[in-house]
Amino acid sequence: DAKTTQPPSMDCAEGRAANLPCNHSTISGNEYVYWYRQIHSQGPQYIIHGLKNNETNEMASLIITEDRKSSTLILPHATLRDTAVYYCIVRVAEGDKLIFGTGTRLQVFP
Amino acid sequence: ETGVTQTPRHLVMGMTNKKSLKCEQHLGHNAMYWYKQSAKKPLELMFVYNFKEQTENNSVPSRFSPECPNSSHLFLHLHTLQPEDSALYLCASSHTASGAYNEQFFGPGTRLTVL
């Protein structure tokens, strides 16, 4: 079973920041938070991951709360091409499994 | 050549047919994975191969038979499937099957329909 909970859907206006929340209240100390997204009819795409510190790359920023029980993926300037299902996954460092939940369907509108 | 390729992209087969799905990765990775994505269900991990050795079989029925001849190629052999096996089958690869910096790269998937 997925160890995360996410809202089933969100909307965001094009050009605005999209903030996607994820709860992982049972996360263990050696588990990382990963984010993937899946655009319709394509395979999932890796976005970002983190352990404790906030992370940023060319796609997004990941904000992890101090107690690590929740996190937020931020797409700073959403575009129509960011419309996708976003998956938040917790995973041990040495593990080989990505256990996908149902994710958040983000709809970016003009 | 894109990172992870899958062929065919679409497949329609009868329950008595035998077919194979092919995955190839051009990323120099050592781990490969098969996932199944049924309609309105989360992705389900099926098999994991690490350095050509199967390390995970997630209680997959024997009518699905994986094969990993080398680190770049992964096959999924299908026989006597059921209509409920209709799904999107996704292949992924990663540097190895463990480790924190171990992002998985996915192929575009094969859309399988079993009649």
Report summary line: Per DSSP loop assignment and a cutoff of at most 14 other beta carbons within 10 Å, chain B keeps its longest run without exposed chymotrypsin sites (Phe, Trp or Tyr not before Pro) at B:1-50
Requested in this report: For the protein assembly as shown, give the magnitude of the charge dipole about the Cα centre (Cβ charges: +1 Lys/Arg, -1 Asp/Glu; no others), in debye to the nearest 20.
Outcome: 540
Query raised in the report: For chain B, what does the alpha-carbon gyration tensor say about shape, rounded, prolate or oblate, given a ≥ b ≥ c as the root eigenvalues, a/c under 1.5 as rounded, and a/b over b/c as prolate?
Result: prolate
Query raised in the report: Can you pick out the pairs among A:Lys69/B:Lys41; A:Lys97/B:Lys41; A:Lys69/B:Lys52 whose Cα atoms lie more than 29 Å from each other?
Result: A:Lys69/B:Lys52
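Throughout, read-outs are computed from the coordinates displayed, never taken from laboratory work. Note that the structure is a prediction, hence the values are computed from the model and not measured. Glycine gets a Cβ as well: all are built from the backbone with ideal geometry, and neighbour counts include every protein chain shown.
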